[in-house]
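Engineer: Below is one structure. I have some questions about it.
The values are calculated or read from the model by the stated rules, or taken from the named source; none is laboratory data. A quick note: this is a predicted structure, and the numbers were derived from the prediction, not measured. All Cβ positions, glycine included, derive from the backbone under ideal geometry; neighbour counts span all protein chains shown. The accessibility values were calculated without ligands, DNA or RNA, using every heavy atom of the protein model including side chains. Shrake-Rupley method; radii C 1.70, N 1.55, O 1.52, S 1.80 Å.
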Amino acid sequence: MSASVRNCIFRSQKVELLAEMALSDIDLATLHENRLEQRWHYGLPNSHHIYHQHHHDGFSAMTRLCLERNLQRKVQPDLNGKCLARGRSRQNANAIDSSSGGGQRRRSGTWPRTRSLNAPSPVQQFGPCGRIMKNSAMVMQIQDPASQRLTWYKPPLTVLVIKKVSDASVLAPFVYLVDWLLQEKNMVVWVESAVLEDAQLNENVRFKAIRDKLVTFKDGRDDLTDRIDFIVCLGGDGTLLYASLLFQQSVPPVMAFHLGSLGFLTPFRFDNFEEQLTSVLEGHAALTLRSRLRCVMHRRSDRKHEAKTLEVDPDGEARPAANSILVLNEVVIDRGPSPYLSNIDLFLDGKYITSVQGDGLIVSTPTGSTAYAAAAGASMIHPSVPAIMVTPICPHSLSFRPIVVPAGVELKISVSPESRNTSWVSFDGRNRQELFHGDSLRVTTSIYPVPCICAQDQISDWFASLADGLHWNVRKRQKCLDELSDLTASGSEDTLDEIENMKFYDV
């Protein structure tokens, strides 16, 4: 291989690398070509006798010949001896020129995406000899979150509408939405029975005409599993948490409209709800799968009967029949009304990790990292990141920082034997119960996430919520310096001159 051809290849590789930096969405074919060139380039020996020294670079003669032919098809020299890259490289070079000329960078939320939200698959070989031992039983296929799109294998028929309680501003949108779903979409609308008892709602003339067409249920008595195809929430984040509570196994797709106070989990605006709902019902929407935590209480008095109460659902997830609950935000263990510090032992996959001495402990999902955990000083995690966050509440230690552990581990929380008091546990702010000595709480990631419909995409919605709901990184802009007046007015030379003059006058 001559030096000129090698230089052409290096230039082509530089053009493609710059194109990757300039664009948010990279074509998979371009990435493949770039990786092919890198693999061929890093394996090149310094000598011209490449076929006799393949044992130094790790490539056989046949492999090197195939790589060489592929690169020669993509790269050709022009009349001036320079090199022009074909196909994707030329398109990327044009994109670089347009971006350098003031063009706006493309947003990463466009569909279809070509950049994965998952990390790139790591190499399996380390150095000349080491590699990961293959085990077919442990192979996992993880879908890219960017490719998660809603589709209906049959048209949705039943819809559950959840509205914020005791809020008069939600009544009118609720009536308009329910009437539109009944009249225009011919859907079966479910509401909670307590909604029909609202006195202000019953005074609405339009609602009286559709009241008898609604199907009602009662929380804690009726099972909605496999009865609801679609969920619409009207209100704040509490409506989405309530939807998660109602469905302790598979959750229908949730579309949340912002009619509450914070609205971090409600990306849709109600102004053009007809157009947005029609688009979703036709299957044109991205999904964010918000993971949930499966919490199981193990009572000391029930250990003898634990084996009898353990059930296995059809998807293979074991759960006790009565003591299991799924939470979307967090499970909180605190000291309750006791004036003493909480003394809580934390185990990870059966191994003792640490003891929490303070006001308590928060175990949260990535969705819950922007809730109570954020107020306790934890970092905010994107909901597509598979993880569990452990955050202490006011720890009596200067070195106890929040930690993030893999989503596949099991956490065990119990009251330390040396603790002066018991602890209290709450699940998404509900079902508060006491944790006694000898009891334990086991927390794992559930196989049943909450599929939330995105207004734009997984990235744009999250950062919009950070900006609108929490005013993330909001401050006044720093003013730019005037290169002539400001710099000369406060320059070090003027300051030294003034000091010298003061010394002269003193003398």
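Engineer: Could you please find all residues in the range 436-457 being of a type in the set (Gly, Ala, Ser) and within 20 Å of Asp226 (Cβ to Cβ)?
Structural biologist: Selection gives Ser446 alone.
Engineer: Still on this structure: May I ask you to say which residue of Thr225, Thr216 is under 25 Å from Leu281 (Cβ atoms), under 30 Å from the mean Cα position of the chain (by Cα) and surrounded by fewer than 17 Cβ atoms within 10 Å (Cβ to Cβ)?
Structural biologist: None of the others qualify; the one that does is Thr225.
Engineer: Among the residues of the range 169-176, is any of a type in the set (A, V, I, L, M), open to solvent by 80 Å² or more (accessible area, probe 1.4 Å) and touching a strand residue (DSSP E or B) at 6+ places or on another chain (Cβ under 8 Å)?
Structural biologist: No, every residue in the range 169-176 fails to be of a type in the set (A, V, I, L, M), open to solvent by 80 Å² or more (accessible area, probe 1.4 Å) and touching a strand residue (DSSP E or B) at 6+ places or on another chain (Cβ under 8 Å).
Engineer: Here is a follow-up. Give the residue that is modelled with the lowest pLDDT, with candidates limited to residues of the range 126-177 that are of a type in the set (Ser, Thr, Tyr) and under 30 Å from the mean Cα position of the chain (by Cα).
Structural biologist: Out of the qualifying residues, it is Ser136.
Engineer: Could you list, in sequence order, the residues of the range 384-432 that are open to solvent by less than 60 Å² (accessible area, probe 1.4 Å), assigned to a strand (DSSP E or B) and closer than 29 Å to Trp462 by Cα?
Structural biologist: Selection gives Ala387, Ile388, Met389, Val390, Thr391, Pro392, Ile393, Val405, Leu411, Val425, Ser426, Phe427.
To keep it simple, each residue is scored yes or no on (1) surrounded by 12 or more Cβ atoms within 10 Å (Cβ to Cβ); (2) aromatic (Phe, Trp, Tyr); (3) at pLDDT 90 or above.
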site: Leu281; (1), (2), (3): yes, no, yes
site: Ala286; (1), (2), (3): yes, no, yes
site: His298; (1), (2), (3): yes, no, yes
site: Lys304; (1), (2), (3): no, no, no
site: Lys308; (1), (2), (3): no, no, no
site: Glu317; (1), (2), (3): yes, no, no
site: Pro320; (1), (2), (3): yes, no, no
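Engineer: Can you tell me which residues in the range 268-279 are in contact with a strand residue (DSSP E or B) (Cβ under 8 Å, 6 or more places away or on another chain) and either farther than 15 Å from Leu177 by Cα or open to solvent by 70 Å² or more (accessible area, probe 1.4 Å) (or both)?
Structural biologist: Result: Arg269, single match.
Engineer: Spot the failing condition for Ser369; the list is (1) among the small types (Gly, Ala, Ser); (2) open to solvent by 10 Å² or more (accessible area, probe 1.4 Å); (3) over 20 Å from Ser414 (Cα atoms), and only one is missed.
Structural biologist: Single failed check for Ser369: (2).
Engineer: Being among the charged types (D, E, K, R), within 18 Å of Ser166 (Cβ to Cβ) and open to solvent by 60 Å² or more (accessible area, probe 1.4 Å) narrows it down to one of Glu203, Glu192, Glu184, so name that one.
Structural biologist: Glu203
Engineer: Within the range 149-168, restricting attention to residues that are of a type in the set (D, E, K, R) and touching a helix residue (DSSP H, G or I) at 6+ places or on another chain (Cβ under 8 Å), which residue is most open to solvent (accessible area, probe 1.4 Å)?
Structural biologist: Lys164
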